[in-house]
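The values are calculated or read from the model by the stated rules, or taken from the named source; none is laboratory data. Quick caveat: nothing in here was measured; it's all calculated off a predicted structure. Methodologically, a virtual Cβ is constructed for each residue, glycine included, from the backbone with ideal geometry; neighbour enumeration extends over all protein chains shown. Quick note on the areas: whole protein, heavy atoms, side chains included, nothing else; ligands and nucleic acids left out. Shrake-Rupley method; radii C 1.70, N 1.55, O 1.52, S 1.80 Å.
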Amino acid sequence: NMPTKRKRRGNSAAEKKAKQARLMLEEGLDAIDSTAQQEIVVPAPVSMGKWKNKERVLIFSSRGVNFRTRHLMNDLRTMMPHSKADTKMDRKDKLFVINEVCEIKNCNKCLYFEAKKKQDLYMWMSNSPHGPSVKFLVQNIHTLAELKMTGNCLKGSRPLLSFDPKFDKEPHLALLKELFTQTFATPHYHPKSQPFVDHVFTFSIADNRIWFRNYQIIEEDGSLVEIGPRFVLNIIKIFQGSFGGPTLFENPHFQSPNMHRRELRQASTAKLREKQMLKEIQKMKRFENKEVATKDVTADVFATPGQEKPVHIQEVEPSQEPHKRKPKPFKRRRMQMRS
């Protein structure tokens, strides 16, 4: 019998290459499986509902506004993700042009800030293009950038709207409540909004004005911290149309800033006139001829009245003969007589 040859233990070069290729294929399949698992793990979007309430608000201003108004507009655009911006409008243009701008921007609500005399700020809130619209005087503006506002909220989150109970008692306030609700409330399932509610817009009434505040909800028990901005709205008129039309309501307590400044000027001029009159009276008193006091007024201060006695007048009858003077000797003769 022929002796058999034993096979060498170990892998050949071809087997090594095949094994390496198999390992690389398995690693590639594992990587594909892991990426597929990662793609599957990505959560679905939270808001699966449909965006039905397509309210869009156009926020812009006229030329001539100051820096505080610009910051206020930027704050409102930040808080309202359903808002849009536009370039400043020329003050010579009519307000009816804003309806065309809203139509171009596909907006059905508008907040227009109008500056006059570089110191007075008016705000128009309108439902374009059919109305109604309201004109306010904006006072006491404080923006988000001020240090006194310590709160913070998520950008794009939807706010809660809190209204004073007085809004339900009068018809013009009920109309304003509906306008505020449609303008400031972020629509549900808006693409730019976040599915969180972490701040509150409050509209309160005091001193015949509407006070706007923005608070952050920091805990579940309802504790609030103010975020800003804050401003006060003084109602001037409510119109039936958009930026015009028949007047539905006119505020009887409203006083224009021009009249207020005029009253202040009149009060200051009245004070100045009074001072001038006093100065003139003092000058006249100085140059008047002063009367010399002939009698001392203080002489009879300590005089005590005595008892009145009857006055007796003794009458002396005159003598018939004239009085004769007795002759006296001279001094030298008197001296001789004594000696």
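Per-residue answers, yes or no, for (1) modelled with pLDDT of 95 or more; (2) open to solvent by less than 70 Å² (accessible area, probe 1.4 Å):
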site: His188; (1), (2): no, no
site: Pro191; (1), (2): no, no
site: Phe196; (1), (2): no, no
site: Tyr215; (1), (2): no, yes
site: Asp221; (1), (2): no, no
site: Val225; (1), (2): no, yes
site: Ile235; (1), (2): yes, yes
site: Phe254; (1), (2): no, yes
query: Residue check, Asp207 against (1) over 28 Å from Arg70 (Cβ atoms); (2) open to solvent by 50 Å² or more (accessible area, probe 1.4 Å); (3) free of Cβ contacts under 8 Å to residues at least 12 places away in the same chain, all met but one. Which one?
result: (1)
- request: Would you be able to tell me the number of residues in the range 207-244 that are over 18 Å from Leu144 (Cβ atoms) and touching an Asp or Glu at 6+ places or on another chain (Cβ under 7 Å)?
  value: 1
query: When only residues in the range 61-95 that are closer than 22 Å to Phe180 by Cα and hydrophobic (A, V, I, L, M, F, W, C) count, which is surrounded by the fewest Cβ atoms within 10 Å (Cβ to Cβ)?
result: Ala85
field: Residue, surrounded by the fewest Cβ atoms within 10 Å (Cβ to Cβ), within the range 158-167, restricted to residues that are closer than 20 Å to His82 by Cα and either in contact with a helix residue (DSSP H, G or I) (Cβ under 9 Å, 6 or more places away or on another chain) or at pLDDT below 90 (or both)
entry: Leu161
query: From the residues in the range 47-60 that are surrounded by 10 or more Cβ atoms within 10 Å (Cβ to Cβ) and not in a strand (DSSP E or B), which one is modelled with the lowest pLDDT?
result: Ser47
- prompt: Among the numbered criteria (1) outside any strand (DSSP E or B); (2) open to solvent by less than 30 Å² (accessible area, probe 1.4 Å); (3) under 26 Å from Asn106 (Cβ atoms), which single criterion is violated by Met149?
  reply: (3)
task: Could you run through the range 88-128 and say how many residues are of a type in the set (S, T, N, Q) and either assigned to a helix (DSSP H, G or I) or without any contact (Cβ under 8 Å) to a residue 40 or more places away in the chain (or both)?
output: 1
- prompt: Under the condition of being closer than 22 Å to Glu103 by Cα and open to solvent by 10 Å² or more (accessible area, probe 1.4 Å), which residue from the range 129-140 is nearest to the chain's Cα centre (by Cα)?
  reply: Lys135
statement: Taking the range 169-186 and the residues there that are within 27 Å of Glu220 (Cβ to Cβ) and of a type in the set (Val, Ile, Thr), the one that is surrounded by the most Cβ atoms within 10 Å (Cβ to Cβ) would be Thr186
